[in-house]
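Worksheet: the structure to be examined is printed underneath.
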Amino acid sequence: MNLVAIYFLFILLLSILLSAFIPIGNEQDTVRRLPVITFAIIGVNALIFFATLPFVLSQQEELQNTGGSLLEFRIDHPQMLADADVQNKLKSTGLLSEREITAFREELAADPGLERDYRVWLASSEATTLRADFAEKYTAYQKARDSAIWVQYGLAPHGDWKLHQLITYAFLHGGFSHLFFNMLCFFAVAYILEDLWGRGVFLGFYLLAAAGACIIDLIQPGSVPVIGASGAISAVMGAFLIRLPRTKLKLMFWPFSLLRVVLHFLLGRSWTVLVPGYLYLAAFFLVNVTAWYVTQKAGSQRGGGTAFSVHVSGFVFGAVFALGLKMTKLEEKVINPKLEAKVSFAASPVVTNALELFDRGDHSGAEQMLRTHLATNPTDVNALLAVIQVYERMQNYDQLNSMYGQLIRQHFANNDKEAALYAYDNLLACFPENRVEVRLPPRDWLSICRYLTEVNMNREAAIECERLVKACSDEPMAVRAAMLGGEAALNAQDDKLAMRLFKMALDRHPNPPLALRIEAGMQKCRV
């Protein structure tokens, strides 16, 4: 088997794997502001779909009838393909491919006598009558097509597009499943980018992405209109890959069942896994590039009705956009300071003044002002977040541990476990990858680990329990943390990690009831 065959077999298997999972979110579930633009885009798409549905169904029926009449004419009168005008018009409807035209011409070229007979027949009265019949059927089809919503507001075929269609096509969908899965994928990657870039920038990016996704189809127009938000969504995916490559996407297994997706939201059942964004999104792009190449080689512009070219150009546009923001540091220098000013409107004047000092580079002054404020207002979350920014810039890891510890405790006091976990993730991200030295109060740290098990993140819980035990080896909580980690590792089917944690628990001389529970866990590891 040659390398090309191996590559395409790999892509086939990869596409089958991707089709079994759909992104429904990502691990960063906490945002600073409600993602209004993300929800608005979803709402507008849904509203347009249901508002236009009756008209679209009627128009599709009319197109099916007139198109069916043309197809029947072509089948009943194959000799009419000898007429170049008929050829071109059938091609424009999508009822005749370039490959079929080439095959017909080759057939004529191979038989000069047949070609001569066709020329004679085309001059006959029968051919004239059939031309008139064809013209009537084609005019009816053309009228139905040109008045269709998908042609007027989708990206019109044959290069006959209008400027507004570069945006409006992204708000039309071919069916409920088309809309539903597009919006689900969009939400999974959109809300966090809106939080990072702000509402105005994100909205502008999305609309530009819709137009950018059309680039290939503007150069190589198809014979059917382009509709759907998938091009713009692919751009958001491309931007997500560049901006948040290591952020894990939450993928849901759905064995080709829309019902299972619905049940997931109604019943809260979990069929999800967390996968690093760079793995899923790179695979998504690779599969779409290959599918586009194959459809082009096959002489088709749509693979099963899917505009792979739109996915490819959209993804590239989004990646380039995010890369531009990253290289120019516009997000860091312009976008984020303005956004922070908006989201911190509820902060006290002291916090605001401290952040102004921080922006001017006076880190020590900002630190002193915030610490003084926190001495009398220890539960001020805005002040905690502000002083954390100061210590992040100063790379003061001891103080980061302390301040994040206070923030996490405050979130637990407010019964906001999700925010506490998000704060803990941010604390981990502060350290260099080769020197993570987290140190939290053991009780709060153990609460983080317990919450990880509650949300079925068992492997992560086991890893954090092991980190807790190593950092707080002499603390009474270490025994319970090691035992909890061992049980979480068992649930994650990592027997090696589970056994290591159970042994760590036994080494700390647990009381008899805990010892029995630990021994039971170790026995499960041995089975």
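Against the definition (surrounded by 18 or more Cβ atoms within 10 Å (Cβ to Cβ), in contact with a helix residue (DSSP H, G or I) (Cβ under 9 Å, 6 or more places away or on another chain) and not assigned by TED's automatic domain parsing to the domain that holds residue 272), how does residue 378 come out, yes or no? It would help to see each step written out before you state the result.
Values: surrounded by 18 or more Cβ atoms within 10 Å (Cβ to Cβ): no; in contact with a helix residue (DSSP H, G or I) (Cβ under 9 Å, 6 or more places away or on another chain): yes; not assigned by TED's automatic domain parsing to the domain that holds residue 272: yes.
Answer is no for this residue.
So, in segment 68-91, of the ones that are small (Gly, Ala, Ser) and out of contact with any helix residue (DSSP H, G or I) (no Cβ under 6 Å at 6 or more places or on another chain), which residue ends up farthest from residue 146 (Cα to Cα)?
Once the filter is applied, the top-ranked residue is 84.
Which condition number in (1) under 15 Å from residue 81 (Cβ atoms); (2) more than 36 Å from the chain's Cα centre (by Cα); (3) of a type in the set (A, V, I, L, M, F, W, C) is the one that residue 132 fails?
(1)
Check segment 436-443 and report whether any residue there is over 32 Å from the mean Cα position of the chain (by Cα), modelled with pLDDT of 85 or more and under 19 Å from residue 350 (Cβ atoms).
no
It is to be established whether one or more residues within segment 72-83 are over 19 Å from residue 230 (Cβ atoms), under 35 Å from the mean Cα position of the chain (by Cα) and not assigned by TED's automatic domain parsing to the domain that holds residue 187.
no
Select the helices (runs of 4 or more DSSP H) contained entirely in segment 140-221, then report the ones holding at least 3 residues which are in contact with a strand residue (DSSP E or B) (Cβ under 7 Å, 6 or more places away or on another chain) and either acidic (Asp, Glu) or surrounded by 19 or more Cβ atoms within 10 Å (Cβ to Cβ) (or both).
Filter on segment 140-221 gives 176-197.
Among 197, 121, which is of a type in the set (Phe, Trp, Tyr) and either closer than 30 Å to residue 31 by Cβ or in contact with a His (Cβ under 7 Å, 6 or more places away or on another chain) (or both)? Talk me through it step by step, then tell me what you get.
Numbers: 121 fails: either closer than 30 Å to residue 31 by Cβ or in contact with a His (Cβ under 7 Å, 6 or more places away or on another chain) (or both).
When all the criteria are applied, what remains is 197.
Mind telling me which of the residues 18, 57 ends up being out of contact with any helix residue (DSSP H, G or I) (no Cβ under 7 Å at 6 or more places or on another chain) and either hydroxyl-bearing (Ser, Thr, Tyr) or surrounded by fewer than 18 Cβ atoms within 10 Å (Cβ to Cβ) (or both)?
None of the others qualify; the one that does is 57.
Return the residue satisfying two criteria in turn: it lies in segment 222-255 and is of a type in the set (A, V, I, L, M) and in contact with a strand residue (DSSP E or B) (Cβ under 9 Å, 6 or more places away or on another chain), and of such residues it is nearest to residue 326 (Cα to Cα).
244
Test each condition in (1) modelled with pLDDT under 90; (2) under 30 Å from residue 53 (Cβ atoms); (3) surrounded by 12 or more Cβ atoms within 10 Å (Cβ to Cβ) for residue 87 and report the one that comes out false.
For residue 87, the exception is condition (2).
Answer with yes or no whether residue 136 is crowded, with 18+ Cβ neighbours inside 10 Å, in a helix (DSSP H, G or I) and charged (D, E, K, R).
Against the criterion (crowded, with 18+ Cβ neighbours inside 10 Å, in a helix (DSSP H, G or I) and charged (D, E, K, R)), residue 136 does not qualify.
Being assigned to a loop (DSSP other than H, G, I, E, B) and more than 26 Å from residue 275 (Cβ to Cβ) narrows it down to one residue among 480, 508; which is it?
508 is the lone residue from the list that is assigned to a loop (DSSP other than H, G, I, E, B) and more than 26 Å from residue 275 (Cβ to Cβ).
Which ones in segment 91-102 are without any contact (Cβ under 8 Å) to a residue 60 or more places away in the chain and either in a loop (DSSP other than H, G, I, E, B) or surrounded by 12 or more Cβ atoms within 10 Å (Cβ to Cβ) (or both)?
95, 96, 100, 101 - these are the residues of segment 91-102 that are without any contact (Cβ under 8 Å) to a residue 60 or more places away in the chain and either in a loop (DSSP other than H, G, I, E, B) or surrounded by 12 or more Cβ atoms within 10 Å (Cβ to Cβ) (or both).
Looking at residue 275 and the list (1) modelled with pLDDT under 90; (2) part of a helix (DSSP H, G or I); (3) over 21 Å from residue 180 (Cβ atoms), which single condition is not satisfied?
Just one mismatch for residue 275, condition (2).
Please verify whether segment 149-171 includes one or more residues that are aliphatic (A, V, I, L, M) and over 20 Å from residue 211 (Cβ atoms).
No: segment 149-171 contains no residue that is aliphatic (A, V, I, L, M) and over 20 Å from residue 211 (Cβ atoms).
Assuming residue 369 fulfils every condition listed in (1) within 18 Å of residue 430 (Cα to Cα); (2) over 33 Å from the mean Cα position of the chain (by Cα); (3) buried (at least 17 other Cβ atoms within 10 Å of the Cβ) apart from one, which condition is it?
Of the numbered conditions (1) within 18 Å of residue 430 (Cα to Cα); (2) over 33 Å from the mean Cα position of the chain (by Cα); (3) buried (at least 17 other Cβ atoms within 10 Å of the Cβ), the odd one out for residue 369 is (1).
Any residue in segment 501-514 that is under 26 Å from residue 28 (Cβ atoms) and surrounded by 19 or more Cβ atoms within 10 Å (Cβ to Cβ)? Full working, then the answer.
In the first step, residues of segment 501-514 are kept if they are under 26 Å from residue 28 (Cβ atoms); the result is none.
Within segment 501-514, none of the residues are under 26 Å from residue 28 (Cβ atoms) and surrounded by 19 or more Cβ atoms within 10 Å (Cβ to Cβ).
Regarding residue 444, is this residue free of Cβ contacts under 8 Å to residues at least 24 places away in the same chain and charged (D, E, K, R)?
no
Please specify each residue of segment 108-118 satisfying the condition of being modelled with pLDDT under 80, exposed (fewer than 13 other Cβ atoms within 10 Å of the Cβ) and charged (D, E, K, R).
Passing the criteria: only 111.
Kindly list, by first and then second residue, each pair from a residue in segment 138-150 that is farther than 16 Å from residue 164 by Cα and touching a residue at least 24 places away in the same chain (Cβ under 8 Å) to a residue that is assigned to a helix (DSSP H, G or I) and among the polar types (S, T, N, Q), limited to pairs with Cβ atoms under 6 Å and residues at least 6 apart or on different chains.
That search, which allows pairs on different chains as well, returns 140/66; 141/66; 144/66.
Would you please list the contacts, defined by Cβ atoms under 7 Å and residues six or more apart or on different chains, that run from a residue in segment 509-527 that is within 18 Å of residue 485 (Cβ to Cβ) and of a type in the set (D, E, K, R) to a residue that is modelled with pLDDT of 85 or more and in a helix (DSSP H, G or I)?
Within 7 Å, the pairs are 517/483; 524/490.
The values are calculated or read from the model by the stated rules, or taken from the named source; none is laboratory data. Everything numeric in this text was worked out from a predicted model, so none of it was measured. Cβ coordinates were reconstructed from backbone atoms using ideal geometry, including for glycine residues, and neighbour counts include every protein chain displayed.
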